[in-house]
């Protein structure tokens, strides 16, 4: 798929990995829609990048919100050819600790946003893409999810987060098989430690220790590196049904 012809939706597109993805797609001549709940950051990005970007306030856990957002994007840009799912939250809570058992409501919230929210976007993206005319290779669209190395190397206190990201990895291949006859591909990226706003709040010594834990390059990943992989997936039609670790060869320790 040619980047300059790409019309992409990006959940969580107002900051972090999603923002970098928006910038990369637009810089390559494509159009992109920010699907996020952060109005201030999203509107600032639209004002900066211009008419190739739009913002729709979207709650990925809400069926009507996702359906309405995808319809609005398709109506403005004419179609949707790529969907990148970056929206998600983290948490840290042991299965059992001095405070008692893991709160069930926090576990459900992480699953609801990270896993169910991702699937909610996938299913509506597929519906929109199925209406596209196929390109010369028979392709109608591509969906790219964001998991995490925690899907494989979950640390202490990451039961909910790892479960949500492991679910994304686990559903990638069956969804690719579901959508194959429609010419819609699906891929998942599992980032390692990336320099997003979450890490900027850490004390310097903690940040330095995290960087030292990455084999090579010995630093946190940069969001544009994630965005570059997104564009490479969009452009390469033989990438389908797989999860790619983007992590500098890190394998997370228990804590």
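The values are calculated or read from the model by the stated rules, or taken from the named source; none is laboratory data. Computed from a predicted structure; not experimentally measured. For neighbour counting, all protein chains shown are included, and Cβ atoms are generated from backbone atoms with ideal geometry for every residue, glycine included.
Kindly check whether there is at least one residue in the range 91-111 that is buried (at least 19 other Cβ atoms within 10 Å of the Cβ), at pLDDT 95 or above and either in a helix (DSSP H, G or I) or in contact with a strand residue (DSSP E or B) (Cβ under 7 Å, 6 or more places away or on another chain) (or both). Yes, the range 91-111 contains a residue that is buried (at least 19 other Cβ atoms within 10 Å of the Cβ), at pLDDT 95 or above and either in a helix (DSSP H, G or I) or in contact with a strand residue (DSSP E or B) (Cβ under 7 Å, 6 or more places away or on another chain) (or both). Of all the listed residues (18, 30), the sole one being farther than 23 Å from residue 117 by Cα, surrounded by 18 or more Cβ atoms within 10 Å (Cβ to Cβ) and in contact with a strand residue (DSSP E or B) (Cβ under 8 Å, 6 or more places away or on another chain) is 30. Determine if the range 118-125 includes at least one residue that is assigned to a helix (DSSP H, G or I), surrounded by fewer than 20 Cβ atoms within 10 Å (Cβ to Cβ) and in contact with a strand residue (DSSP E or B) (Cβ under 7 Å, 6 or more places away or on another chain). No, there is no match, as no residue in the range 118-125 is assigned to a helix (DSSP H, G or I), surrounded by fewer than 20 Cβ atoms within 10 Å (Cβ to Cβ) and in contact with a strand residue (DSSP E or B) (Cβ under 7 Å, 6 or more places away or on another chain).
Any residue that is closer than 23 Å to residue 58 by Cβ and out of contact with any helix residue (DSSP H, G or I) (no Cβ under 6 Å at 6 or more places or on another chain) - is there at least one of those in the range 134-156? Yes: the range 134-156 contains one or more residues that are closer than 23 Å to residue 58 by Cβ and out of contact with any helix residue (DSSP H, G or I) (no Cβ under 6 Å at 6 or more places or on another chain). Within the range 227-251, track down each residue that is over 13 Å from residue 190 (Cα atoms) and part of a loop (DSSP other than H, G, I, E, B). Passing the criteria: 236, 237, 238, 239, 240, 241.
Since residue 221 meets every condition but one in (1) buried (at least 19 other Cβ atoms within 10 Å of the Cβ); (2) within 19 Å of residue 152 (Cβ to Cβ); (3) in contact with a helix residue (DSSP H, G or I) (Cβ under 8 Å, 6 or more places away or on another chain), which condition does it not meet? Against the list (1) buried (at least 19 other Cβ atoms within 10 Å of the Cβ); (2) within 19 Å of residue 152 (Cβ to Cβ); (3) in contact with a helix residue (DSSP H, G or I) (Cβ under 8 Å, 6 or more places away or on another chain), residue 221 comes up short only on (3). Condition test on residue 73, is it outside any helix (DSSP H, G or I), touching a residue at least 12 places away in the same chain (Cβ under 8 Å) and closer than 26 Å to residue 2 by Cα? So residue 73 does not fit the description; no.
Among the residues of the range 228-238, those that are surrounded by 17 or more Cβ atoms within 10 Å (Cβ to Cβ) and either in contact with a strand residue (DSSP E or B) (Cβ under 9 Å, 6 or more places away or on another chain) or more than 17 Å from residue 10 (Cβ to Cβ) (or both) comprise 229, 230, 233, 234. Considering the conditions (1) without any contact (Cβ under 8 Å) to a residue 60 or more places away in the chain; (2) buried (at least 21 other Cβ atoms within 10 Å of the Cβ); (3) in contact with a strand residue (DSSP E or B) (Cβ under 9 Å, 6 or more places away or on another chain), residue 142 is excluded by exactly one of them, (1).
Considering the range 191-226, and only residues there that are touching a strand residue (DSSP E or B) at 6+ places or on another chain (Cβ under 9 Å) and assigned to a helix (DSSP H, G or I), the residue that is nearest to residue 85 (Cα to Cα) turns out to be 226.
Determine, yes or no, whether residue 84 is touching a helix residue (DSSP H, G or I) at 6+ places or on another chain (Cβ under 8 Å) and assigned to a helix (DSSP H, G or I). No, not satisfied. Could you tell me whether residue 123 is touching a helix residue (DSSP H, G or I) at 6+ places or on another chain (Cβ under 9 Å), closer than 25 Å to residue 235 by Cβ and free of Cβ contacts under 8 Å to residues at least 24 places away in the same chain? Yes, satisfied. What about residue 198, is it within 22 Å of the chain's Cα centre (by Cα), at negative phi and surrounded by fewer than 21 Cβ atoms within 10 Å (Cβ to Cβ)? So residue 198 fits the description; yes.
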